[in-house]
Amino acid sequence: MQQRRYKPKPKPKPRPNVQQGDTGELTGVIESIVFRNEDNGYSVCSVKPDGQRDTVTVVGTCGAMWVGECMRATGTWTRHPRHGFQFQAEEITCMAPTSARGIERYLASGMIRGIGKVMAKRLVKHFGDQTLHIIEKESQRIEEIEGIGSVLRKRIKESWNEQRATRDIMIFLQGHGIGTAQAARIYRQYGADAIALVRTNPYRLCADVWGIGFKTADSVAMSLGIPENSVIRARAGIVYVMRTLSEEGHCHCTEAELLLYAEQLLGISIEILTEALQAELQGKWLTKEDDRIYLTSLYENECTIAAKIRHLIDTPPNFKPIQSAKAVAWAEEQMHIQFAPQQRLALETALDSKMAIITGGPGVGKTTIIRALVDVYKRRRLRFFLAAPTGRAARRMTEATGHEAVTIHRLLKFLPQTGKFEFHGANPLPGDCLILDEVSMVDLPLMAAVMDALPTHMVVILVGDIDQLPSVGPGNVLRDLIQSGIIPCQALKTIFRQESGGYIVRNAHNINEGHRLELPEPSRRNLSDFYMLPCNEPDDVLNRLLDLVTKRIPQRFGLNPLTDIQVLSPMRRASLGTDNLNAILQETLNPQGDEIERYGRKYRKRDRVMQIRNNYDKEVFNGDVGSIVDVDTVEKTITVEMDGRRVGYDLTDLDELVHAYAGTIHKSQGSEYPAVVILMTTQHFKMLQRNLLYTAVTRGKQLVCIIGSHKAIGMAIANTEMRQRRTSLKDRLR
């Protein structure tokens, strides 16, 4: 019988000569950071007190903290029920280390780009306790170290300066309630002037800095002593209400509603709010038309689209009219198909009209019509463009037609240095025709940019699915254009595509028509492209999800969980929201590898990630998905491959990236995946509606699996009450 090896219990860790409840000051060196929340600065760290050999745990909030720094903290000694004796700090101050050992650990922690553990050791060996002084005051001397040339020296110096400036700003901002992640964005926006600008008008934060809302700016303003009933606060609150409404899709609201919302938000009298509103209407942010208040930018967008469409319709093309009947017959011969009556009518409408709309669900032939139009345009030697809102949609267009399609931003040539497009009203696109796909995704500002850039002689064909969710941004462009009645529109309804049993396409139309899902007979399930796994309890749903993604789908269909399977959920929060799902899926599918931790997330090589805001400098946009192909743990950078090209990110950019193993259904618009796994339970009841489920199901190309309850599915199909977006575009067009 094998003897069990005796394992002695670890000796309890010695602690300073203090008792629970004692208060005082603790000074020492930070040995390690056990946990840190970058949003609020809450930290748990191991500190070696001055004059002692053993470390103690310190818990508290600090604006900036690095391993190797000297810490001074005031607080109380406590005993945690799980973690034992620790120092609960009320105030923490961190300072650059002074000893050679502390400096080496400080630099090796990754706080300076270009310096890792090896380089930190070399620097400290050469310069000793003067290393930080040399970097800051005599940086040219660090070229004395082997491996450091002028390029690396400049990078180290720039990173040092940035880190020092960011630290000062973070400490100031955290003193006024702003977390570390938000402070980094503020520094990126304002640079060294951040503190002065925030002191002058903290409300500009919610206008200038992505990710900072009115409540955060208002909290800063209150801590800086700005009165609650001041006009400056009232003006900022009114603009915030209008921006919030635009984020919900609206373009305007009435004056009475705006004042009511602002009063509820701010607790300021209607008299002061009315004064503030008049001041804003005289400024640049808001515009009033009749009783409707707009953000000025959205008002101008609506006017631009309406005026340009009227001019387009009234101006003939600059090429000889196409005889549509002959062109359709020729296209049939070229493509070796016979168009159905609806397809023929849609194609003839597109060829006969200066501007036309083609709409319909999956499998009804929209792509076939685009291919036919491309063939006809090529035959006539016309100069035409194919475009879509996202890179994925553009790539699908290219694959379907054999002609290059591009994103709208690339079509119009966005100029990051100016924040504008190269093609606009004074410099229109050169060409004869434009086919724009996935128009349901196009919001009001982007459609205004497209219309502004078109010459009035250009033929415009808009293609999209009106039954999908509306755009993430403001407006309801495709629906407004159709309902205006001034643009010829052909809706396709007959289903032609019946791939792999056809249950995806069939059920998409069943959902759209309010019918129950059709599921394959048990004897035919191995041949199906559509599955429903009844389940409603969150733990059971998660277990089934992991089983599907890691075993059943890869084994049965040969699909790669990291690249081919997309999990979709109606919401971000809760146990079945995308935030929690991504954490679980990352640890299951990609648990190891080179990584950088930032903003509470670990970014690992091979991770699937999504861009969550437009970054015009990088030419990546909200909703773009890619994979991390490289992680540089020394430089603290990652490289993401998106749409076939590589995009670099450093620590200051990582708040723009979230994991994308799971995504919201809203964010999946315009995308197609080999397989989608949709979670839909009664936990999601607030989000359950027909167009949400329809959009989710139509994202699957080869396979759709729903994990959820029949009750939740029934609730979604029955709920057709789409929240109406307040727009005036269709009225302007009429």
**Asked** Would you say Thr578 is surrounded by 23 or more Cβ atoms within 10 Å (Cβ to Cβ), polar (S, T, N, Q) and in contact (Cβ under 8 Å) with a residue 24 or more places away in the chain?
**Response** yes
**Prompt:** From Gln342, Gln323, which residue is touching a residue at least 60 places away in the same chain (Cβ under 8 Å), farther than 20 Å from Leu429 by Cβ and open to solvent by 50 Å² or more (accessible area, probe 1.4 Å)?
**Reply:** Gln342
**Message:** Based on this model, can you work out whether Ala192 counts as of a type in the set (A, V, I, L, M), surrounded by fewer than 21 Cβ atoms within 10 Å (Cβ to Cβ) and closer than 25 Å to Leu657 by Cβ?
**Reply:** no
**Request:** Tell me which of these Ala165 doesn't satisfy, since it passes every other one: (1) open to solvent by less than 30 Å² (accessible area, probe 1.4 Å); (2) among the small types (Gly, Ala, Ser); (3) not in a helix (DSSP H, G or I).
**Result:** (3)
**Message:** Show the residue pairs meeting these rules: Cβ distance below 7 Å; 6+ apart or different chains; first residue within segment 67-92 and free of Cβ contacts under 8 Å to residues at least 24 places away in the same chain; second residue part of a strand (DSSP E or B).
**Reply:** His80/Gln86
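Within segment 588-612, take every residue that is free of Cβ contacts under 8 Å to residues at least 24 places away in the same chain and over 18 Å from the mean Cα position of the chain (by Cα) and give me the one that is surrounded by the most Cβ atoms within 10 Å (Cβ to Cβ).
Residues of segment 588-612 free of Cβ contacts under 8 Å to residues at least 24 places away in the same chain: 591-592, 597, 602.
Restricting the remaining residues to those that are over 18 Å from the mean Cα position of the chain (by Cα) gives 591-592, 597.
Numbers: Pro591: 9, Gln592: 9, Glu597: 14.
Filtering first and then ranking leaves Glu597.
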**Complete:** Within segment 89-104, residues being open to solvent by 50 Å² or more (accessible area, probe 1.4 Å), closer than 17 Å to His126 by Cβ and of a type outside the set (D, E, K, R) number 1
**Request:** Identify all residues within segment 58-85 that are buried (at least 19 other Cβ atoms within 10 Å of the Cβ) and out of contact with any Lys or Arg (no Cβ under 8 Å at 6 or more places or on another chain); write none if there are none.
**Result:** Val58, Val59, Gly60, Cys62, Trp66, Glu69, Cys70, Met71, Ala73, Gly75, Trp77
**Message:** I'd like the residue in segment 439-453 that is touching a His at 6+ places or on another chain (Cβ under 8 Å) and open to solvent by 10 Å² or more (accessible area, probe 1.4 Å) and, out of all such residues, is nearest to Pro428 (Cα to Cα).
**Reply:** Asp452
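When you check Thr695 against the structure, is it assigned to a loop (DSSP other than H, G, I, E, B) and either closer than 30 Å to Ala165 by Cβ or touching a residue at least 24 places away in the same chain (Cβ under 8 Å) (or both), yes or no? Explain how you work it out, then say what you get.
Numbers: assigned to a loop (DSSP other than H, G, I, E, B): no; either closer than 30 Å to Ala165 by Cβ or touching a residue at least 24 places away in the same chain (Cβ under 8 Å) (or both): yes.
Against the criterion (assigned to a loop (DSSP other than H, G, I, E, B) and either closer than 30 Å to Ala165 by Cβ or touching a residue at least 24 places away in the same chain (Cβ under 8 Å) (or both)), Thr695 does not qualify.
Please indicate, with yes or no, whether at least one residue in segment 641-658 is assigned to a loop (DSSP other than H, G, I, E, B) and either under 16 Å from Ile466 (Cα atoms) or touching a Pro at 6+ places or on another chain (Cβ under 9 Å) (or both). Let's see the steps before the verdict.
Restricting attention to segment 641-658, the residues satisfying the condition of being assigned to a loop (DSSP other than H, G, I, E, B) are 643-644, 651-653.
Pick out the ones that are also either under 16 Å from Ile466 (Cα atoms) or touching a Pro at 6+ places or on another chain (Cβ under 9 Å) (or both) and you get none.
No.
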**Asked** For Asn318, all conditions in the list (1) in contact with an Asp or Glu (Cβ under 8 Å, 6 or more places away or on another chain); (2) open to solvent by less than 70 Å² (accessible area, probe 1.4 Å) hold save one; what is the number of the exception?
**Response** (2)
**Request:** Looking only at segment 299-315, count how many residues are open to solvent by 90 Å² or more (accessible area, probe 1.4 Å) and within 34 Å of the chain's Cα centre (by Cα).
**Result:** 1
**Residue among Glu158, Glu146, Glu136 that is loosely packed, with under 15 Cβ neighbours inside 10 Å, modelled with pLDDT under 90 and either on the phi > 0 side of the Ramachandran plot or part of a loop (DSSP other than H, G, I, E, B) (or both)** = Glu146
**Request:** All but one of (1) assigned to a helix (DSSP H, G or I); (2) touching a residue at least 40 places away in the same chain (Cβ under 8 Å) hold for Ala194, so report the exception by its number.
**Result:** (2)
**Message:** With the requirement that a residue be surrounded by fewer than 23 Cβ atoms within 10 Å (Cβ to Cβ) and in a helix (DSSP H, G or I), what does segment 385-407 give you?
**Reply:** Arg392, Ala393, Arg395, Arg396, Thr398, Glu399, Ala400, Thr401
**Message:** What's the total number of residues in segment 416-433 that are assigned to a strand (DSSP E or B), farther than 9 Å from Ala453 by Cβ and open to solvent by less than 50 Å² (accessible area, probe 1.4 Å)?
**Reply:** 1
**Prompt:** What strands (runs of 3 or more DSSP E) completely inside segment 454-567 contain at least 1 residues that are open to solvent by 40 Å² or more (accessible area, probe 1.4 Å)?
**Reply:** 489-492, 530-534
**Item:** Positions within segment 702-729 being surrounded by fewer than 19 Cβ atoms within 10 Å (Cβ to Cβ) and either part of a helix (DSSP H, G or I) or β-branched (Val, Ile, Thr) (or both), in sequence order
**Value:** His710, Lys711, Gly714, Met715, Ala718, Thr720
**Complete:** When segment 613-635 is checked residue by residue, the ones that are assigned to a strand (DSSP E or B), open to solvent by less than 60 Å² (accessible area, probe 1.4 Å) and either among the polar types (S, T, N, Q) or within 28 Å of Glu158 (Cβ to Cβ) (or both) are Asn615, Val620, Gly626, Ser627, Ile628, Val629, Val631, Asp632
**Fill in**
When segment 8-31 is checked residue by residue, the ones that are under 27 Å from Glu104 (Cα atoms), loosely packed, with under 13 Cβ neighbours inside 10 Å and either modelled with pLDDT of 75 or more or of a type in the set (Ser, Thr, Tyr) (or both) are Glu25
**Prompt:** Going through segment 90-137 one residue at a time, which ones are hydrophobic (A, V, I, L, M, F, W, C) and closer than 20 Å to Val58 by Cβ?
**Reply:** Ile92, Cys94, Met95, Ala96, Met111
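Please verify whether Gly225 is among the small types (Gly, Ala, Ser) and in a loop (DSSP other than H, G, I, E, B), treating the condition exactly as stated. Spell out how you get there, then give the answer.
Values: among the small types (Gly, Ala, Ser): yes; in a loop (DSSP other than H, G, I, E, B): yes.
When the stated conditions are applied, Gly225 passes them.
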**Request:** Take the residues in segment 361-384 that are of a type outside the set (D, E, K, R) and surrounded by fewer than 19 Cβ atoms within 10 Å (Cβ to Cβ), then tell me which one is farthest from Leu462 (Cα to Cα).
**Result:** Leu382
**Message:** For the structure I just gave you, tell me whether Asp54 is in a loop (DSSP other than H, G, I, E, B) and at pLDDT 85 or above.
**Reply:** yes
**Request:** Select, from Ala256, Ala221, the only residue that is surrounded by 14 or more Cβ atoms within 10 Å (Cβ to Cβ) and of a type in the set (Gly, Ala, Ser).
**Result:** Ala221
**Item:** Complete set of residues in segment 660-697 that are open to solvent by 20 Å² or more (accessible area, probe 1.4 Å), touching a helix residue (DSSP H, G or I) at 6+ places or on another chain (Cβ under 7 Å) and not aromatic (Phe, Trp, Tyr)
**Value:** Thr664, Glu672, Thr682, Gln683, Gln689, Arg690
**Request:** Could you tell me whether any residue of segment 110-122 is free of Cβ contacts under 8 Å to residues at least 24 places away in the same chain and among the basic types (Lys, Arg)?
**Result:** yes
**Prompt:** Given Arg105, Arg101, Arg153, which one is assigned to a helix (DSSP H, G or I) and over 39 Å from the mean Cα position of the chain (by Cα)?
**Reply:** Arg101
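The values are calculated or read from the model by the stated rules, or taken from the named source; none is laboratory data. Note that the coordinates shown come from a computational prediction; the quantities given were computed from them, not determined experimentally. Heads up, the Cβs are rebuilt from the backbone with ideal geometry, glycines too, and the neighbour counts pull from every protein chain shown. Just the protein is used for accessible areas: all its heavy atoms, side chains included, with ligands, DNA and RNA removed. Shrake-Rupley method; radii C 1.70, N 1.55, O 1.52, S 1.80 Å.
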